[in-house]
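The values are calculated or read from the model by the stated rules, or taken from the named source; none is laboratory data. Everything numeric here is computed off the predicted structure, so don't read it as measured data. Every residue, glycine as well, gets a Cβ built from its backbone with ideal geometry; the counts of neighbours run over all protein chains shown. When the accessible area is computed, the model is the full protein with side chains, heavy atoms only, and any ligands, DNA or RNA have been set aside. Shrake-Rupley method; radii C 1.70, N 1.55, O 1.52, S 1.80 Å.
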Amino acid sequence: GDSVTQMEGPVTLSEEAFLTINCTYTATGYPSLFWYVQYPGEGLQLLLKATKADDKGSNKGFEATYRKETTSFHLEKGSVQVSDSAVYFCALSHQGAQKLVFGQGTRLTINP
Amino acid sequence: GAGVSQSPSNKVTEKGKDVELRCDPISGHTALYWYRQSLGQGLEFLIYFQGNSAPDKSGLPSDRFSAERTGGSVSTLTIQRTQQEDSAVYLCASSFDGTGVYEQYFGPGTRLTVT
């Protein structure tokens, strides 16, 4: 079945550092790929998405590119802020299958 | 407008008791999803509703779990004879439809603790 694997956390960085959170997936066909974020005390929010190969999703300075050849969707940000501290989830879904399949989540802490 | 709401926000129950968790989706959203977030299993899909019917119940872990949706709106997830392994945060999400094209909006969750 479909699965998503994220890099192990927790990840701790200093403010203005470069961020990469790795995500790879196993799925048949051409799933849509997502990054969701869960800020402390809040619900899950969609951060960005990509629906086909080579698409780049971007939002709030974060980017991720759908790489079918490496089955990856790594999350990057050039300069993180303290306010980016949260848990990040990579996920996939198939059109017509509706449900989201999530990775295990990566807790990110940014120190000032 | 209002987002997805869930109640209660926290529920503590004794092993063996039944519990009901409620989800109010965003008005006009025809698709509704239940997920479970637990330490051991991460975020897992439980069930998907399109309108009042549930075409995908594949994630329900046992026959102690059931869910219904009425009037194409409110949904209730019921867990009978709760066990300690049922302790988790239960998340509800809704989307405009179930095609996968539209974003799923998540509620704040119900934290269930079974003692």
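Looking only at region B:86-104, which residues are under 15 Å from residue A:36 (Cβ atoms), more than 8 Å from chain A (Cβ to nearest Cβ) and open to solvent by 30 Å² or more (accessible area, probe 1.4 Å)?
Matches in region B:86-104: B:102 only.
Of the residues that make up region A:56-63, is at least one within 23 Å of residue B:106 (Cβ to Cβ), open to solvent by less than 10 Å² (accessible area, probe 1.4 Å) and either in a strand (DSSP E or B) or not hydrophobic (A, V, I, L, M, F, W, C) (or both)?
yes
Which members of region B:71-84 meet the condition of being out of contact with any Asp or Glu (no Cβ under 8 Å at 6 or more places or on another chain) and at pLDDT 95 or above?
Result: B:83, B:84.
Just to be sure before I move on: is residue A:3 in contact (Cβ under 8 Å) with a residue 24 or more places away in the chain and buried (at least 16 other Cβ atoms within 10 Å of the Cβ) in the structure I sent?
Against the criterion (in contact (Cβ under 8 Å) with a residue 24 or more places away in the chain and buried (at least 16 other Cβ atoms within 10 Å of the Cβ)), residue A:3 does not qualify.
What residue, among those in region B:50-70 that are assigned to a strand (DSSP E or B) and modelled with pLDDT under 95, is farthest from residue A:101 (Cα to Cα)?
Initial filter on region B:50-70 (assigned to a strand (DSSP E or B)): B:50, B:53-56, B:65-69.
Narrowing the set further to residues that are modelled with pLDDT under 95 leaves B:50, B:53-56.
Working: B:50: 18, B:53: 21, B:54: 18, B:55: 17, B:56: 14 Å.
Selected residue: B:53.
With the structure loaded, tell me whether residue B:15 is open to solvent by 70 Å² or more (accessible area, probe 1.4 Å), more than 14 Å from chain A (Cβ to nearest Cβ), in contact with a helix residue (DSSP H, G or I) (Cβ under 7 Å, 6 or more places away or on another chain) and among the basic types (Lys, Arg) or whether it fails that test.
Yes.
Going by what's in this entry, would residue B:21 be described as away from chain A (no Cβ under 14 Å), in contact with a strand residue (DSSP E or B) (Cβ under 8 Å, 6 or more places away or on another chain), buried (at least 19 other Cβ atoms within 10 Å of the Cβ) and assigned to a strand (DSSP E or B)?
yes
Return the residues of region A:64-85 that are within 12 Å of the chain's Cα centre (by Cα) and either within 14 Å of chain B (Cβ to nearest Cβ) or assigned to a loop (DSSP other than H, G, I, E, B) (or both); say none if nothing qualifies.
So the first thing to find is which residues in region A:64-85 are within 12 Å of the chain's Cα centre (by Cα), and the list is A:64-66, A:72-77.
Matches in region A:64-85: A:66, A:73, A:74.
Restricting attention to region B:25-32, does a residue exist that is away from every other protein chain (no Cβ under 14 Å) and in contact (Cβ under 8 Å) with a residue 24 or more places away in the chain?
The first filter runs over region B:25-32 and keeps only residues away from every other protein chain (no Cβ under 14 Å), leaving B:27-28.
Imposing the further condition that a residue be in contact (Cβ under 8 Å) with a residue 24 or more places away in the chain reduces the set to B:27-28.
Yes, region B:25-32 contains at least one residue that is away from every other protein chain (no Cβ under 14 Å) and in contact (Cβ under 8 Å) with a residue 24 or more places away in the chain.
With respect to the numbered conditions (1) within 14 Å of chain A (Cβ to nearest Cβ); (2) among the polar types (S, T, N, Q); (3) touching a residue at least 60 places away in the same chain (Cβ under 8 Å); (4) farther than 20 Å from residue A:37 by Cβ, which one is the sole condition not fulfilled by residue B:115?
(1)
For region B:70-85, which positions are open to solvent by 10 Å² or more (accessible area, probe 1.4 Å) and either within 12 Å of chain A (Cβ to nearest Cβ) or of a type outside the set (Ser, Thr, Tyr) (or both)?
Listed by number, the residues that qualify are B:71, B:72, B:74, B:80, B:81, B:83, B:84, B:85.
If I filter region A:86-100 down to residues being part of a strand (DSSP E or B) and facing chain B (nearest Cβ under 7 Å), which single residue comes out as nearest to the chain's Cα centre (by Cα)? If you could, list the steps in order and put the result at the bottom.
Taking region A:86-100 first, the residues part of a strand (DSSP E or B) are A:86-93.
Going one step further and asking which of them are facing chain B (nearest Cβ under 7 Å), we end up with A:89, A:93.
Values: A:89: 5, A:93: 13 Å.
The selected residue is A:89.
Looking at region A:20-47, which of its residues are within 12 Å of chain B (Cβ to nearest Cβ), in a strand (DSSP E or B) and either free of Cβ contacts under 8 Å to residues at least 24 places away in the same chain or open to solvent by 40 Å² or more (accessible area, probe 1.4 Å) (or both)?
Of everything in region A:20-47, those that are within 12 Å of chain B (Cβ to nearest Cβ), in a strand (DSSP E or B) and either free of Cβ contacts under 8 Å to residues at least 24 places away in the same chain or open to solvent by 40 Å² or more (accessible area, probe 1.4 Å) (or both) turn out to be A:45, A:46.
Which numbered condition in (1) surrounded by fewer than 16 Cβ atoms within 10 Å (Cβ to Cβ); (2) assigned to a strand (DSSP E or B); (3) within 11 Å of another protein chain (Cβ to nearest Cβ) is the only one that residue A:107 fails?
Failing condition for residue A:107: (3).
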